[in-house]
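Reviewing the structure listed below.
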Amino acid sequence: MSPHLLILGGTTEASALAQAVAEAGIKAIFSYAGRVAKPKDQPIPQRVGGFGGVEGLTGFLRAKGITHVVDATHPFAAGMSWNAYHACAALDLPLLALTRPAWRATREDSWTHVADIASAVEALKGEPKRVMLALGRMHVAQFAAQPQHHYVLRLVDAPDVAPKLPHHSVVVSRGPFDVAGDIALFKDHSVDVVVCKNAGGIGAEAKIFAARKLGLPIIMIDRPDLPRRAEVATSAEVLAWIDPTG
Ligand code: 3Y8
Ligand code: NAP
């Protein structure tokens, strides 16, 4: 039976895989959660929106005759990854994760590792600072617990309601980002500290190099627990997994 792939997307690597799959002529569907107004267009059929939990995903996989699932979601999209793991186990479907290694601090870096968003908020206790919140939109409200800072918020879409932070600036910008741009951003906003997730990958790493160049400390949120599943780092490995005969 010829393969029919579901790519759970939303990352630079997922988009690269969609390109490779289109070029290889493999039948596939690309899936977005629908978190942003206009997700990037893909060269293969795409769908937007949740599936309705494990049950909804299982039903989708059956109805579409999906033969392979690639979890190419962001390392912090743990809910989707766990749902994919359980749905594929229920249907005995092959599941592969397309992941990217976590960033690692060098001797030139000054990182404070924290376990989650709440710990990052806690780590911001103290004197007012100018804080670059490179976390997107979904977790901004939690930082109202530390209202003394001026927050620089980088968001994919302009917020429809003003963030509930007394002192903040909004920068509407969708990545992938570049080092020169992030250095300029940090300088223009006199950033003192950067808060980010250990996303890994190339689309979000500019801020790591920019902070290093400017000697800025980083509060680094470590990754959540993800299911144990087969993992690869490149589109070529995914294609080989789908068709080992090449
Ligand atoms: C909807 C789909 C591509 C994919 C591009 C990558 C790189 C640029 C860097 C900073 C960090 C952040 C955020 C980020 C990056 C890539 C990648 C990546 C971080 C898009 C996209 C979707 C999303 C969802 C969005 C979240 C938000 C997180 C902004 C597309 C552009 C902070 C993650 O407004 C919202 O609700 C935004 C929600 C989940 C995290 C959050 O909590 O707000 N990504 N980002 C996906 C869907 O609907 O399924 O249009 O491309 C994808 C990308 N965002 O092919 O070019 O691969 O990581 N995305 C983080 O890393 O911390 C920005 O500002 O430095
Ligand atoms: P999440 O918390 O793991 O997932 C929450 C729910 O959103 C899932 O249970 C599922 O709903 C739906 N969902 C998530 N990803 C989906 C996808 N690719 N296709 C269809 N439904 C999806 O997810 P998240 O952290 O909000 O991430 C959402 C999307 O943004 C993902 O595509 C992810 O790759 C991308 N992204 C996230 C981050 C981040 O920082 N979290 C960063 C960059 C990109 P149902 O249960 O109804 O199926």
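Taken together, the values in this text are just the output of simple stated rules run on the coordinates, not laboratory data. Because the structure is a prediction, the values reported are computed rather than measured. Backbone-built Cβ (ideal geometry, glycine too); neighbour counts: all protein chains shown.
For the stretch 96-168, the percent of C-alpha pairs falling in each 5 Å distance bin, counted from 0 to the bin holding the largest distance, reads 3, 13, 22, 21, 17, 12, 7, 3, 1, 0.
Here the stretch 208-246 is scanned for amide nitrogen atoms under 20 Å from the site 7 Å beyond the Cα of residue 108 along Cα-to-Cβ, giving 208-220. Take the alpha-carbon centre of the stretch 80-110, take the same for the stretch 1-74, and report the distance between them in whole Å. A separation of 15 Å, based on Cα centres. Overall, the stretch 1-136 carries a charge dipole of about 280 debye about its Cα centre when +1 sits on the Cβ of Lys and Arg and -1 on the Cβ of Asp and Glu, all other atoms neutral. Counted without the sites themselves, the longest stretch of the chain free of trypsin sites (Lys or Arg not before Pro) in a DSSP loop having at most 11 other beta carbon atoms within 10 Å is 1-103. Neighbours of residue 240 by Cβ distance under 15 Å: Lys/Arg scored +1, Asp/Glu scored -1, total -4. Treating r as the C-beta distance of residue 24 and residue 222 and R0 as 35 Å, the FRET efficiency rounds to 0.50.
Computed over the chain with a Gaussian network model linking Cα atoms closer than 10 Å, the most mobile of 180, 134, 87 is 180. Comparing mean-square fluctuations of 169, 235, 31 from a GNM of the chain with C-alpha springs under 10 Å, the top value falls on 169.
The average projected area of the stretch 13-92, computed from the convex hull of its Cα atoms over all directions, is 5.2 nm². When both the stretch 197-246 and the stretch 138-193 are represented by their alpha-carbon centers, they are found 22 Å apart. In this Cβ point-charge picture (+1 for Lys and Arg, -1 for Asp and Glu), the stretch 97-222 has a dipole of about 100 debye about its Cα centre. Backbone phi angles across the stretch 222-233, fed through the Karplus curve with coefficients 6.51, -1.76 and 1.60 (θ = phi - 60°), yield HN-Hα couplings of 6, 6, x, 5, 10, x, 7, 8, 4, 10, 10, 10 Hz in residue order; Gly and Pro are listed as x. As an equivalent ellipsoid, the stretch 1-136 spans semi-axes of 34, 17, 15 angstrom, where each value is the square root of five times an eigenvalue of the C-alpha gyration tensor, largest first.
Taking every alpha-carbon pair under 8 Å whose residues sit at least 6 apart, the stretch 45-130 reaches a relative contact order of 26 percent.
In order along the stretch 188-197, the Karplus-derived 3J(HN,Hα) couplings, from 6.51 cos²θ - 1.76 cosθ + 1.60 at θ = phi - 60°, round to 4, 9, 6, 5, 9, 8, 10, 10, 8, 8 Hz, and Gly and Pro are given as x. Each 10 Å bin from zero up to the one holding the largest Cα-Cα distance in the stretch 93-231 carries the following percent of pairs: 11, 42, 35, 10, 2, 0. Against the main long axis of the alpha-carbon atoms of the chain, helix 12-24 sits at an angle near 30°. Computed from the Kirkwood radius of its Cα pairs, the Stokes-Einstein diffusion coefficient for the chain at 25 °C and 0.890 mPa s stands at 127 µm²/s. Per-residue extension of 0.36 nm, minus the Cα-Cα distance of residue 190 and residue 122, leaves a gain of 22.3 nm for this segment.
Legend: residue pairs 40/197; 38/207; 38/125; 27/213; 38/164; 40/187, Cα-Cα distance threshold 32 Å; pairs beyond threshold, 38/125; 27/213. Spherically averaged projected area of the convex hull of Cα atoms, the stretch 64-139: 7.7 nm².
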